[in-house]
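Report on the structure given below.
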Amino acid sequence: MGLPMSKGEIVAGCLAPHPPHLVYAENPEQNEPTAEGGWEQLRWGYERLRASLADVEYDAIVLLSPHWQTYIGTHFLGLPSFKSLSVDPVFPNLFRYHYDLNIDVELSRQIHDRAHEAGLAVKMMENPDFRVDYGTITTGHMFNPAWDKPLVVVSSNRSRDYYSVEVMQEMMMELGRVTREAILASGKKVVVLASNSLSHRHFTTESAIPEDMSKEHITSHAMHLWDMRMIEYFRSGQAQRILDEMPEFTEQAIAESDGGGLSWLLSTLDIPKYPGILHGYGTIIGTGNAIVEWPERLHTEASE
Amino acid sequence: MSTGELVGSYIVPVHPHTVLAADQNEGWARLRDAFGEAAQRIKDSEADLLIIYSTTWPSIIGHQIIADPNPEWVMVDHDFHDLGSIPYSFNIDEQFAHAWNKANQKRGLKSRTVAYHGFPIDVGSVVALKLLNPDNAIPAVIVSSNVYANRAETTVLSKACMDVVRATGRKAVAVTAMSLSNRMFTKHIDPKDDKIHSLKDDEWNRKILEFLSEGRLEDVGQLSRTIHQQIRVNKVVAFKPMWWLSGMNQNRNNLTGEVLAYEAVHGAGAAVVHLDPAESGAGDKEYDEDDVEYFAGERNVLDAQETVDDVSEEASKLRSVETNGPELWEPTDKGESVNSQAAPKPVGAYPHARRVGDLLYLSGVGPRQPGTNAIPGGPIHDSDGVALDYDIKAQTHAVVENITRILEEAGGSIEDVLDVTSFLVDMDRDFKGYNEVWAETLGHVGPTRTTLAIRALPTPIAVEMKVIAKAPSLE
Ligand SMILES: [Fe+2]
């Protein structure tokens, strides 16, 4: 390992969900549709997350979105910038976003190379016509609406679909470990974001006004219980229990942790034994979403 | 009036290799050639509409239908981005898309059209339209695959589509963009090393193709869940495209099938199959799943305060009585019988109607809905015989609609009704409502009428009518 001076750092790791409804409700100029608000609990949660990190210096954001789905290993955006229009194929009525984002290609390649050395299937994505998925853009926007930090965008390998939650988690723990190593070796200060909901059973209907909050609630009591159980673990520093219960949680709550983001995040954070800060919880068309931050200062305190 | 019909069905693979890299692997080249052969057959069939059901466009809010007349963009695959980009500009039948959307809603489905600049047409649809319709000569429609939809919903989607094909007199081709086994290699491979991922996947694929080459589409549909468990990566909750395609073909098992190619694409099973509506020898069905005409929907999740008993008006109209009534029979078919798929099945060995000279004698018609057997307005008692509140006006309306369907099947109309004998199980309660609906409907036609009170009818309904009508001329 290099000198402490040049050592990179994960300044925070966050669970930062991406339903496009959040961007829709914010009415940013980049998004074509307009809303009369909605999902305020979560949008205030993102506000608190941004405030919490306002005074923290960092160089880049490393983000894993379950809506860039790859079956052949893990892919990384590999060009310096991407600019286009992202239309959500599922909620095109809510999300048609003109994005213009920068990539930290150097850090992407460093993570890619370490993952390759560790035996994981990886690929750089270097096709300039590629459209960035709406999950990446929603989380990117909600976390940093100024878009003034370069991103590392990691695809979601669908190993859960191929094999099982257990195999997925094993691969994501490994990817998380090499992501951490690459960040520390890069000398950069980085925020790591896992972009996923918790319980993930949607309504298959949408009210005439999508942002009508009188219609918004969790799809079922069982989903609520699972979400609260996970949040309890987040808040009490029991990341290992989350990993232990990941198979049951992912299957029974149809959780979006199936994309691997949450396991990967906890691995990049060395499986935190210190509490995460819950900035917000809310439902979006019936799915459960939590915004949680694990700040570096708590990590440092816990290891002292 | 011209009647629309399906002039052919095709199953085609979804990955971009056939468009971008056919020269890199002999199997991919053969798939490309098979696409070319299918394109020629579609042209020769003089089809005027291509209907794509794509498994690579998942949806959550019901089904979505592309309605942008000219979607244009550049498609890059999420996995195979290194093969290159596919620019596209398609010719979409906007009017058909809107009509299908309405027909879906009529049959109880959640559905919407999509027409936004920059909407990402999915890889399966892009590949299918590029290769089956290279010059955009035939207008197309594309429908999504709902991740939660099961057989009932997917079947009703196909019926709504065929409602519009028939009503608009189209010569349509149905296409499912799908893999057979969809397990790909999880590592990068050299194109020349491509093969089906595993022997088991290959064996299942060959079994499916054997069924299809015998024209046994409904059998494959009924094996959908098994196929899903055996050779499908759980991207969506079921293997649905065969439900849709079989529904488009009236759940037939005696089509004329031909496998134009079967190859591997990065380990997945990729086939081009043609199913012609011409009858072939097979046709045997060993078992049948229920047929579904209308989708009754999920519980009404958006209105949390509603209890199960307090369901919406629509749902209560469709309350099913499948376990509440006598066994159903296929209508008998002797002499000059008139039978209609669009009328409820009989409760004994009799036809819907019979022609004698210039007259048409209808068997007693009740309000039961064809297919679902639901009773609009609700049944008069539950399966334990406990009396239920019901709506006599809704029931009477449904009787008149069923009479209309039978007469139309015979080539006539409701205007032909000459004489009606009506049976009510509760004259005191129901005569007024029944009489109001009569005045609005048959009252205008002017047949003679006799109304009788009786103790019961064979199903839990409150009204039935016995009709004699003018037979339509035989020219
Ligand atoms: Fe998502």
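The values are calculated or read from the model by the stated rules, or taken from the named source; none is laboratory data. Every value quoted in this text rests on a predicted model; they were computed, and no experiment measured them. No Cβ is skipped: glycine too gets one built from the backbone with ideal geometry, and neighbour counts run over all protein chains shown. Ligands, DNA and RNA are excluded from the accessible area calculation, which covers all protein heavy atoms including side chains. Shrake-Rupley method; radii C 1.70, N 1.55, O 1.52, S 1.80 Å.
Observations, loosely collected:
- Across region A:181-217, the qualifying residues are those that are among the aliphatic types (A, V, I, L, M) and within 16 Å of the ligand (Cβ to nearest atom), and the one among them that is surrounded by the most Cβ atoms within 10 Å (Cβ to Cβ) is A:A194.
- If you filter region B:107-137 down to residues that are under 17 Å from B:V12 (Cα atoms) and hydrophobic (A, V, I, L, M, F, W, C), you find that the one that is farthest from the chain's Cα centre (by Cα) is B:L131.
- The set of residues in region A:55-113 that are assigned to a loop (DSSP other than H, G, I, E, B), more than 14 Å from every other protein chain (Cβ to nearest Cβ) and surrounded by 18 or more Cβ atoms within 10 Å (Cβ to Cβ) comprises A:D59, A:D104.
- Looking across region B:165-208, the residues that are of a type in the set (G, A, S) and within 14 Å of another protein chain (Cβ to nearest Cβ) come down to B:S179, B:S181, B:S198.
- Test: residue in region A:47-63 that is under 24 Å from B:S144 (Cα atoms) and within 16 Å of the ligand (Cβ to nearest atom): no
- Single unsatisfied condition, B:F423 versus (1) open to solvent by less than 30 Å² (accessible area, probe 1.4 Å); (2) of a type in the set (F, W, Y); (3) under 21 Å from B:A353 (Cα atoms): (1)
- Filtered by the rule that a residue be within 14 Å of another protein chain (Cβ to nearest Cβ) and either aliphatic (A, V, I, L, M) or without any contact (Cβ under 8 Å) to a residue 40 or more places away in the chain (or both), region A:178-211 gives A:T204, A:T205, A:S207, A:A208, A:I209.
- Residue selected from region A:114-133 under the condition under 22 Å from A:V190 (Cα atoms), buried (at least 21 other Cβ atoms within 10 Å of the Cβ) and of a type outside the set (D, E, K, R), by the criterion farthest from the other protein chains (Cβ to nearest Cβ): A:A115
- Out of A:Q252, A:Q240, sole residue that is at pLDDT 95 or above, open to solvent by 30 Å² or more (accessible area, probe 1.4 Å) and not basic (K, R): A:Q240
- Of the set (1) farther than 18 Å from A:P28 by Cβ; (2) not in a loop (DSSP other than H, G, I, E, B), all apply to A:H141 but (1).
- Conditions (1) under 23 Å from A:A51 (Cβ atoms); (2) of a type in the set (D, E); (3) at pLDDT below 95; number of the one not met by A:E293: (3)
- Residues of region A:271-304 that are surrounded by fewer than 17 Cβ atoms within 10 Å (Cβ to Cβ) and of a type in the set (D, E): A:E301, A:E304.
- For region A:225-237, residues that are farther than 17 Å from A:M173 by Cβ and either open to solvent by less than 70 Å² (accessible area, probe 1.4 Å) or polar (S, T, N, Q) (or both) total 8.
- Taking the numbered list (1) closer than 25 Å to B:H98 by Cβ; (2) buried (at least 24 other Cβ atoms within 10 Å of the Cβ) in turn, B:A47 passes all entries but (2).
- Residues in region B:68-91 that are outside any strand (DSSP E or B) and more than 11 Å from chain A (Cβ to nearest Cβ): 4 in all.
- For B:I65, the stated conditions hold: it is part of a strand (DSSP E or B), open to solvent by less than 50 Å² (accessible area, probe 1.4 Å), farther than 25 Å from B:A268 by Cα and within 14 Å of chain A (Cβ to nearest Cβ).
- In the set (1) within 15 Å of the ligand (Cβ to nearest atom); (2) in contact (Cβ under 8 Å) with a residue 60 or more places away in the chain, the condition left unmet by A:P247 is number (1).
- Positions within region A:138-162 being hydrophobic (A, V, I, L, M, F, W, C) and farther than 16 Å from A:Y58 by Cα, in sequence order: A:M142, A:V153, A:V154
- Candidate set from region A:26-46 (those that are away from the ligand (no atom under 16 Å from the Cβ) and among the hydrophobic types (A, V, I, L, M, F, W, C)); member that is farthest from the other protein chains (Cβ to nearest Cβ): A:W44
- For region B:324-436, the strands (runs of 3 or more DSSP E) that sit wholly inside it and include 1 or more residues that are of a type in the set (D, E, K, R) are B:353-356, B:417-424.
- For B:A353: the one exception among (1) out of contact with any Leu (no Cβ under 9 Å at 6 or more places or on another chain); (2) open to solvent by less than 70 Å² (accessible area, probe 1.4 Å); (3) over 30 Å from B:I60 (Cα atoms); (4) modelled with pLDDT of 65 or more: (1)
- Long-range neighbours under 9 Å by Cβ, at least six apart or interchain, first residue under 26 Å from B:T18 (Cβ atoms) and of a type in the set (F, W, Y) within region B:81-101, second open to solvent by 40 Å² or more (accessible area, probe 1.4 Å) and part of a strand (DSSP E or B): B:Y88/B:E72; B:Y88/B:W73; B:Y88/B:V74; B:F90/B:E72
- Restricting region B:92-133 to residues that are within 14 Å of chain A (Cβ to nearest Cβ) and of a type in the set (K, R), the residue that is surrounded by the most Cβ atoms within 10 Å (Cβ to Cβ) is B:K110.
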